[in-house]
Amino acid sequence: MLFVLGEYRIAGRRASDIAASVEAGVASGALVPGSPLPPMRELAGVLGVNPNTVAAAYRTLRERGVIETDGRRGSRVRPRPATTPRDALRMEVPPGVLDVQEGNPDVALLPPLEAPLAAAARRYAAEPTLYGQEPVVPELERLARAGLAADGVPAGPLALTSGALDGIERVLSAHLRPGDAVAVEDPGWGSLLDLVPALGLRLLPMAVDDEGPRAEAVERVLADGARAVVVTARAQNPTGAAVSAARARQLKAVLARHPQVLLIEDDHGHGIVDLPLHPLAGATPHWALSRSTAKAYGPDLRLAVLTGDEVTLDRVRGRQRLGPGWVSRLLQYAVVELWSSGAVDHAAVARSYGERRGALVAALRERGVPAHGVSGMNVWVPVADETAVVARLLAAGWVVAPGSRFRVESPPAVRLTVSGLRSAQVPELADALAAAVRPSRGGRFS
């Protein structure tokens with residue numbers, strides 16, 4: 001049997017077939033974002049199946065992040081299904097155009113990996129990794145604990161994940177169920193904004209300013225039923241926000257009133273920022289903090305240290321044992337070498353990004369264009385019409401990232417990555433932006 005929805009026909013007798021039919025319609029564009037799906041009983045009657053079969057199909061689609069259900073309003077295709085990642089919004093870079101849209105680090109600031117990997121290979125030759133060994137190399141655990149303790153992070157068990165997003169996904173999966181709400185920064189990291197609905201969870205956006213999530217915004221999303229809160233400690237993508245000491249105190253006070261909430265902190269900026277960490281860790285009984293190596297040592301060094309409370313880390317490590325098992329010891333040995341050799345001057349790296357970022361923000365403000373970026377490698381520029389600004393900048397020889405890759409409800413903007421920017425290019429880029437935008441007022445992002 002078939003159910004015709006507009007020009008698209010939903011088909012299937014089994015829950016898996018019905019879900020596959022809807023997902024195929026979304027993937028092909030026949031079911032556009034926001035398209036309502038028929039009530040379960042109505043679809044079951046047309047297809048000649050039990051309503052429980054359709055309910056199971058819809059549940060599968062919610063868990064895959066394809067559809068969302070909102071009480072009496074029924075089910076509909078998500079505004080941005082998990083099958084349409086935000087990265088698909090990136091611009092093609094024509095020949096001769098300068099690319100400042102990517103969030104990659106400056107290759108010139110990344111350490112050579114030949115020596116650390118060679119040392120890792122020698123270590124492996126002397127002591128090959130076998131099944132049943134501890135998942136974290138003792139030297140790495142010692143160095144990680146020392147660094148976390150120096151930054152005021154409470155002592156807790158450790159795990160390693162394949163990058164920050166992998167760790168966040170594992171922590172969310174350890175505590176939440178499909179349909180639960182997750183508070184995320186808005187604007188925020190596009191990959192996280194894709195991940196949450198892909199897990200069948202609901203996004204609750206939190207407004208952000210230069211000091212991190214605003215306390216009243218966090219209070220609001222917690223009152224709206226958020227089961228988890230994800231906060232970027234420093235070098236927030238895309239705004240460059242960093243949680244200040246004063247903001248950390250405010251957020252801890254808010255979180256302490258909601259002890260049932262899961263707190264996740266992302267410190268991916270470790271090693272490339274010169275601002276201190278003001279951790280929220282421990283503000284609630286269940287918490288986790290991820291510290292990744294990708295920005296400081298290169299995106300292909302897929303390793304992040306994860307710490308948190310006993311229950312959370314026990315669940316993460318238990319599930320990890322049934323999947324990848326552990327993060328490669330070869331990578332762990334390489335990170336030990338990088339951390340212990342002193343081969344990387346992190347202060348110089350942070351200073352280099354800071355000089356470029358600060359120069360661009362200052363040049364834009366001199367031209368009447370408010371811009372944000374207190375840490376990291378990105379600058380966020382609020383605009384009236386981001387599509388028009390992106391097009392004008394492209395015509396002027398610059399490719400920037402449209403803010404829609406990073407927004408839920410916050411106003412239009414564009415993101416610029418300073419990693420590949422040279423000092424001589426700053427005035428030229430600032431002139432092009434000033435000509436492309438109508439200056440916005442205010443120091444907040446929403």
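Listing for the model above:
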quantity	calculated
Only one of Ala350, Ala371 that is under 30 Å from Val100 (Cα atoms), of a type in the set (Gly, Ala, Ser), without any contact (Cβ under 8 Å) to a residue 24 or more places away in the chain and not assigned by TED's automatic domain parsing to the domain that holds Ala242	Ala371
Filter result (crowded, with 22+ Cβ neighbours inside 10 Å and of a type in the set (Asp, Glu)) within the range 140-185	Glu185
Residue within the range 243-260 that is closer than 26 Å to Gly156 by Cβ, touching a Leu at 6+ places or on another chain (Cβ under 7 Å), in contact (Cβ under 8 Å) with a residue 40 or more places away in the chain and not assigned by TED's automatic domain parsing to the domain that holds Val379 present	no
Some residue of the range 217-234 being polar (S, T, N, Q), within 13 Å of Phe406 (Cα to Cα) and modelled with pLDDT of 95 or more	no
Hits in the range 364-401 - residues which are closer than 26 Å to Arg234 by Cβ, touching a helix residue (DSSP H, G or I) at 6+ places or on another chain (Cβ under 6 Å) and in a loop (DSSP other than H, G, I, E, B)	Val369, Ala371, Gly373, Met377, Val383, Val400
Flag for Val327 being in contact (Cβ under 8 Å) with a residue 40 or more places away in the chain, surrounded by 22 or more Cβ atoms within 10 Å (Cβ to Cβ), in a loop (DSSP other than H, G, I, E, B) and under 24 Å from the mean Cα position of the chain (by Cα)	yes
Enumeration of residues in the range 248-278 that are more than 23 Å from Leu193 (Cβ to Cβ) and of a type outside the set (Lys, Arg)	Ala248, Gln250, Ala253, Ala256, Pro259, Gln260, Gly271, Asp274, Leu275, Pro276, Leu277, His278
Elements of type helices (runs of 4 or more DSSP H) in the range 94-203, at least 3 residues being more than 30 Å from Gly225 (Cα to Cα) and among the charged types (D, E, K, R)	114-126, 138-150
Residue that is nearest to the chain's Cα centre (by Cα) [pool: residues in the range 33-52 that are surrounded by 13 or more Cβ atoms within 10 Å (Cβ to Cβ) and within 23 Å of Arg202 (Cα to Cα)]	Pro33
Qualifying residue in the range 266-284 (condition: buried (at least 24 other Cβ atoms within 10 Å of the Cβ), at pLDDT 95 or above and either of a type in the set (Phe, Trp, Tyr) or over 17 Å from Arg234 (Cβ atoms) (or both))	no
Odd one out for Glu216, checked against (1) more than 17 Å from Leu262 (Cα to Cα); (2) within 18 Å of the chain's Cα centre (by Cα)	(2)
Those residues of the range 158-188 which are under 24 Å from Asp209 (Cβ atoms) and touching an Asp or Glu at 6+ places or on another chain (Cβ under 8 Å), in sequence order	Ala164, Ile168, Ala181, Asp186
Qualifying residues in the range 433-446 (those that are surrounded by fewer than 21 Cβ atoms within 10 Å (Cβ to Cβ) and modelled with pLDDT of 90 or more) - the one nearest to Gly376 (Cα to Cα)	Ala434
Search result, residues across the range 273-316 that are in a loop (DSSP other than H, G, I, E, B), farther than 17 Å from Pro135 by Cβ and not aliphatic (A, V, I, L, M)	Asp274, Pro276, His278, Pro279, Gly282, Thr284, Pro285, His286, Gly298, Pro299, Asp300, Asp309
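For (1) within 20 Å of Asp151 (Cα to Cα); (2) in a helix (DSSP H, G or I); (3) among the acidic types (Asp, Glu), each residue gets a yes or a no:
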| position | (1), (2), (3) |
| --- | --- |
| Met206 | no, no, no |
| Val221 | no, yes, no |
| Val230 | yes, no, no |
| Arg234 | yes, no, no |
| Asn237 | no, no, no |
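The values are calculated or read from the model by the stated rules, or taken from the named source; none is laboratory data. These numbers come from a predicted model, not from an experiment. Counting neighbours? That spans all protein chains shown, and the Cβs are built from the backbone with ideal geometry, glycine included.
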